[in-house]
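Remarks on the structure that follows.
No lab work stands behind these numbers, since they all come straight from the coordinates. For clarity, every value in this text was computed on a predicted model and none was experimentally measured. Quick reminder, even Gly has a Cβ in these numbers, built from the backbone with ideal geometry, and neighbours come from all protein chains shown.
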Amino acid sequence: MLLGQLALIVAALFTGAALYVNVADQPARLRLNATSMLAEWKTAYKHGTAMQASLVVLGFLLGLLAWWETSDRRWLVGAVVLALKGPYTFIFITPTNRQILGINPDRGEPNSRALLENWGMLHAVRTILGTTATIILLSASMRY
């Protein structure tokens, strides 16, 4: 079941990237002064968004194809849980992203640190979604 194995790999890659943000990137970022913290976040955000969105789309499509090929609902459930990252991000994280993107790093704002701390907590849910999807896809892959 190559499609399912690929879906699992892609979901695990997404989860690893999301986990890295929460356990390494975000804590390091929060140790910086406001100017550096904002500049670093904006650069990381630009690159991370493209990479993580691509992984979610690819993992979702591969999971759907694995479900279509096998009729095993776990592939579908794993794909959907991974794809939930999109609506979750749009509804809950995008407003915070827009606020942060609107801050000039050279001037900073008194609430910029609080916004970035909140962003980190919101991002942790993406890590949980990725982990859940990976576990579900792993469960499905153990059958084949």
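Table for the structure above
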quantity	calculated
Added length on full extension, which subtracts the Cα-Cα distance from 0.36 nm per residue, Tyr45 to Leu30	3.9 nm
Ordering of 95-102, 14-21, 127-134 by burial proxy (mean other Cβ atoms within 10 Å per residue, highest first)	127-134, 14-21, 95-102
Alpha carbon centroid spacing (whole Å) that separates region 1-54 from region 76-144	9
Estimated D of the chain in µm² per second, where Rh is the Kirkwood radius over Cα pairs and Stokes-Einstein applies at 25 °C, 0.890 mPa s	155
